[in-house]
Amino acid sequence: MGRTVPTWRNRIEAELGSLENFRRALNSVDRNALDQLVNGVRNRRTAGGMLPAHDSWKPMLLSMLLECHSKIAELERTIEKLTDEV
């Protein structure tokens, strides 16, 4: 008997694919930012699959927020390191 529910990976790839027209309309800076957020979702696929959700966007947005937080934390560490060197 086959699956009746698409896999988490297939669900998020379908959702991310639906953003393609939006992505194409963005300028290059915003397109790059969106690509980084999308990669954050893909990098956290396993964790997203552990969160039971009927709406794919909830775990996807959480993954995007984590991606943003990771970038901010990385920048804060860099600033702190540079400040210590001065």
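Only the coordinates and a few stated rules stand behind these numbers; no lab work does. These figures come from a predicted structure and were not determined experimentally. Positions of Cβ are backbone-derived with ideal geometry, glycine not excepted, and every protein chain shown enters the neighbour counts.
Measure nothing but the geometry: give the 0 to 90° angle between the long axis through the Cα atoms of 28-43 and the longest principal axis through the Cα atoms of the chain, rounded to 10°.
60 degrees
Helix-derived [θ] at 222 nm for the chain: sum -39500 (n - 2.57) over DSSP H runs of at least 4, divide by residue count, nearest 500? Kindly include the intermediate steps, with their values, before the conclusion.
Details: 5 runs with 67 residues, N = 86.
Mean residue ellipticity, 222 nm, calculated: -25000 deg cm²/dmol.
In debye to the nearest 20, how big a dipole does the chain give about its Cα centre with +1 on each Lys and Arg Cβ and -1 on each Asp and Glu Cβ?
Using only the charged Cβ atoms, the result is roughly 520 debye.
If r is the Cβ-Cβ distance from Asn10 to Lys71 and R0 is 25 Å, what FRET efficiency results, to the nearest 0.05?
For R0 = 25 Å, the calculated efficiency reads 0.35.
Give me the base-10 log of I(q)/I(0) for the chain at each q in 0.10, 0.22, 0.26 Å⁻¹, Debye formula, one uniform scatterer per Cα, rounded to two decimals.
Relative scattering, expressed as log10 I(q)/I(0), comes to -0.35, -1.06, -1.26.
If I fit a long axis through the Cα atoms of helix 8-17 and take the longest principal axis of the Cα atoms of the chain, what angle between them do I get, 0 to 90°, rounded to 10?
That works out to roughly 70 degrees.
Of Val5, Trp57, Ala47, which is farthest towards the positive pole of the chain's charge dipole, taken about the Cα centre with +1 and -1 on the beta-carbons of Lys, Arg and Asp, Glu respectively?
Among Val5, Trp57, Ala47, the one farthest towards the positive end of the dipole of the chain is Val5.
Can you put Arg45, Arg24, Arg9 in order of Cβ neighbours within 10 angstrom, beginning with the fewest? Intermediate values should be presented prior to the final figure.
Working: Arg45 17, Arg24 8, Arg9 13.
Going from least to most buried by this count: Arg24, Arg9, Arg45.
Just subtract the alpha-carbon distance of Asn32 and Lys81 from 0.36 nm times their residue separation and send over the number in nm, one decimal.
15.0 nm
For Leu62 and Arg23, calculate 0.36 nm times their separation in residues minus their Cα-Cα distance, and state this gained length in nm to one decimal.
Length difference between fully extended and current span is 12.1 nm.
Enumerate the calculated ³J(HN,Hα) couplings along segment 61-76 in order (Karplus 6.51 cos²θ - 1.76 cosθ + 1.60, θ = phi - 60°), each rounded to whole Hz, writing x wherever the residue is Gly or Pro.
So the J values, rounded to whole Hz, are 5, 4, 5, 5, 5, 4, 4, 4, 4, 4, 5, 5, 4, 4, 5, 4.
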